[in-house]
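Nothing in this text is a laboratory measurement; each read-out follows from the coordinates by a stated rule. Keep in mind it's a predicted model, so treat the numbers as computed, not measured. As a convention, Cβ positions derive from the backbone with ideal geometry for all residues, glycine included, and neighbour counts pool all protein chains shown.
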Amino acid sequence: MSENITEFTGLKVMVIDDSNTIRRTAETLLKKAGCDVLTADNGFEALPIISANHPDILFIDIMMPRLDGYQTCALVKNNPKFRDIPIVMLSSKDGLFDRAKGRVVGAEQYLTKPFTKEDLLGALRTHLLEPNKDAD
């Protein structure tokens, strides 16, 4: 295999979005960068996958059926086993309220759709590759 080894190789990334197009786009961009990608249609479907695979970072859409992005984020952050997983909220709205609500439930970052490859990889760099300033 002549796959390029990148700074992102081996990172386990999960994309949770009810839009097939968004999921596929993110999955393709992340796989090209060398990530292992997990996907789910909604938060309800994502929870057992998160539990079984413990991804390194989550990209979660805000507007989803059954369990929305805020609820999913809160459930992950309230679980001691998973609370250290960085969460990036995805939304088609670039609202101040949405950003604030995302912070309240524990999201580390907020990306507006349509996102670019640079947006996704930038989030990975910020949350996974740069050394934690407040590491204990």
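Things to note:
- For region 12-126, size of Cβ-based charge dipole, Lys and Arg +1, Asp and Glu -1, in debye: 160
- The sum of -39500 (n - 2.57) across all DSSP H runs of n ≥ 4, divided by the residue count of the chain, sets its helix-only mean residue ellipticity at 222 nm to -11000 deg cm²/dmol.
- Residues whose placed amide H lies under 5 Å from that of THR39, excluding near-sequence neighbours: VAL15
- Scoring 35-42, 98-105 by mean Cβ neighbours within 10 Å over their residues and listing the highest first yields 35-42, 98-105.
- Our coupling estimate for region 33-39, obtained by passing each phi through the Karplus curve with A = 6.51, B = -1.76, C = 1.60 and θ = phi - 60°, is 7, x, 7, 8, 10, 10, 9 Hz, Gly and Pro reported as x.
- For ASP68, no residue 5 or more places off, or on another chain, has a built amide H under 5 Å of its own.
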